[in-house]
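This report refers to the structure that appears directly beneath it.
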Amino acid sequence: MGSGGREHALAWKLSQAASLGELHAAPGNPGIAALGRCHPVRAEDGEGLLGLAGALEVDLVVVGPEVPLVAGVADELRHLGVAVFGPSGAAARIEGSKSFAKDVMRAAGVATAETLAVARPPCVIKADGLAAGKGVFVCQTQDELDTALRAAAAFGGAIVIEELLEGEEISLFAICDGARAVALPAVQDFKRIGDGDEGPNTGGMGSYSPVPADVDELVETIHQPVLDELAERGAPFVGVLFAGVMLTGDGPRVLEFNCRLGDPETQSLLPRLDGDLLALLLAAAQGDLSAAEFGVADNAAVSVVIAAGDYPAAGDVGTPIEGIPDAEATGALVFHAGTALKGDRIVTNGGRILNVTAVGENVAAARDRAYEACDMLSFPGMRFRRDIAAVAHV
């Protein structure tokens, strides 16, 4: 379920599984259409998805985006008897409400940024509900704070005020079956639109992996207590539990939890996984990861997001994209994030248009290959950051 770059990356990895019979996507995109069959059903259309799942007699539904999860689409599918990789609406509140996530972390004893009663710079302002990755505002000055309060209020709902933490931020993922958490490699993403982390926050402009971190220890101390707490509350979490973690001088602190894979982190994560992803996700959906097996390649991956010229303020629709076959000919993966098919031409259809991912023996090699492929692509107004993974430690 879904139509972005994350879903294309998932479809690409799942299509390699020996146990795969048929691959379907709702609604998918032109990149996914080359791997399986796409259906014109939106990921938020619970009734349409139920009908499609029944008609296709699907064995497993993998939910990509957060909006349908928070809306409870996974619950509707499970009531039909379909195995779902994705949490229930009750468990997805860990992303759907930041105040709920804070309450869960406090009860679980997980260290997080302190909530502040009064907004004074420096601080972080967050929209409490879903905001497509654009509801967090770092405020160093009073002017930034005033702007952030207006922007956060525009999302509707409550506003959360937090202390501003300093350190290295990483994205940490765990596959969960309701009781167990299996760590995946750490990834770092780049949220701001411009080089040097300038400009407004976006859904993400690039990512790379690996990132130096003891992922098993972090998942044991961060994800597992939250998993236990959710289960105790009658909301066992099945799917990907994603923690944004700041590695501070006082130890790791959780910035937020999400209820799904990250975008564009997935695009740097999945090319490094060895093994049958389909078997892993099915085991989680069936509630038993005890025998789960997968490996992590001793390599690196870098992903660069190709965006519309006015992103994140606006997207681009209907502009022909040139150079995708040339970019793929370099050996890079080109994941479709916001594209459509117009006749026989691939055209723009969103804010983040393409994700270019390359693998190499280290981050520097992967980065060089990714940017070589990026330079093959073109459409009017195209923009991308030139500094993704430029100062990586690996």
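List of remarks:
- In this structure the amide hydrogen of T339, modeled in the peptide plane, comes within under 5 Å of the amide hydrogens of N349, none closer than 5 places in sequence on its chain.
- Between S378 and A34, the contour length at 0.36 nm per residue exceeds the alpha carbon distance by 121.7 nm.
- Calculated FRET value between A158 and R386, using beta carbons and R₀ = 41 Å, to 0.05: 0.65
- Per DSSP, loop trypsin sites (Lys or Arg not before Pro) in region 219-264 with at most 16 further Cβ within 10 Å: R233
- Whole-Hz ³J(HN,Hα) from phi, Karplus 6.51 cos²θ - 1.76 cosθ + 1.60, for region 378-388, glycine and proline x: 7, 7, x, x, 3, 9, 7, 6, 9, 10, 5
- With 0.36 nm allotted per residue and the present C-alpha distance subtracted, the E232-F100 stretch has 46.1 nm of extension available.
- Förster radius 30 Å - calculated FRET efficiency between V118 and D214 (Cβ-Cβ, nearest 0.05): 0.25
- Once log10 I(q)/I(0) by the Debye sum over Cα atoms at q = 0.09, 0.13, 0.15 Å⁻¹ is calculated for the structure shown, the corresponding label among (i) -0.49, -1.11, -1.53; (ii) -0.60, -1.08, -1.34; (iii) -0.67, -0.97, -1.18 turns out to be (i).
- For region 152-166, Karplus couplings with θ = phi - 60° (6.51, -1.76, 1.60), whole Hz, Gly/Pro x: 5, 5, 5, 6, x, x, 6, 10, 10, 10, 10, 5, 8, 8, 10
- Rolling a 1.4 Å probe over the heavy atoms of the protein chains gives the chain an accessible area of 40 Å² per residue.
- Net charge of the neighbourhood of G381, taken over other residues with C-beta under 14 Å away and scored Lys/Arg +1, Asp/Glu -1, is -1.
- Total formal charge among the other residues, if their Cβ is under 12 angstrom from that of I170, Lys/Arg +1 and Asp/Glu -1: -4
- In the chain, the portion of solvent-accessible area held by carbon and sulfur atoms comes to 50 percent [1.4 Å probe, whole percent, DNA, RNA and ligands not counted].
- Region 18-84 shape via C-alpha gyration tensor axes, a/c threshold 1.5: oblate
- Relative contact order (%) - region 1-148, alpha-carbon pairs under 8 angstrom, separation at least six: 14
- DSSP beta bridge pairing in the chain, given as percent antiparallel to the nearest 5: 90
- Cβ-based charge dipole, region 121-180, positive-most Cα from C139, A151, A179: A179
The values are calculated or read from the model by the stated rules, or taken from the named source; none is laboratory data. If you're wondering where the values come from, they're calculated on a predicted model, not measured in any experiment. No Cβ is skipped: glycine too gets one built from the backbone with ideal geometry, and neighbour counts run over all protein chains shown. To get the accessible areas, we keep the full protein, side chains included, count just its heavy atoms, and leave off ligands, DNA and RNA. Shrake-Rupley method; radii C 1.70, N 1.55, O 1.52, S 1.80 Å.
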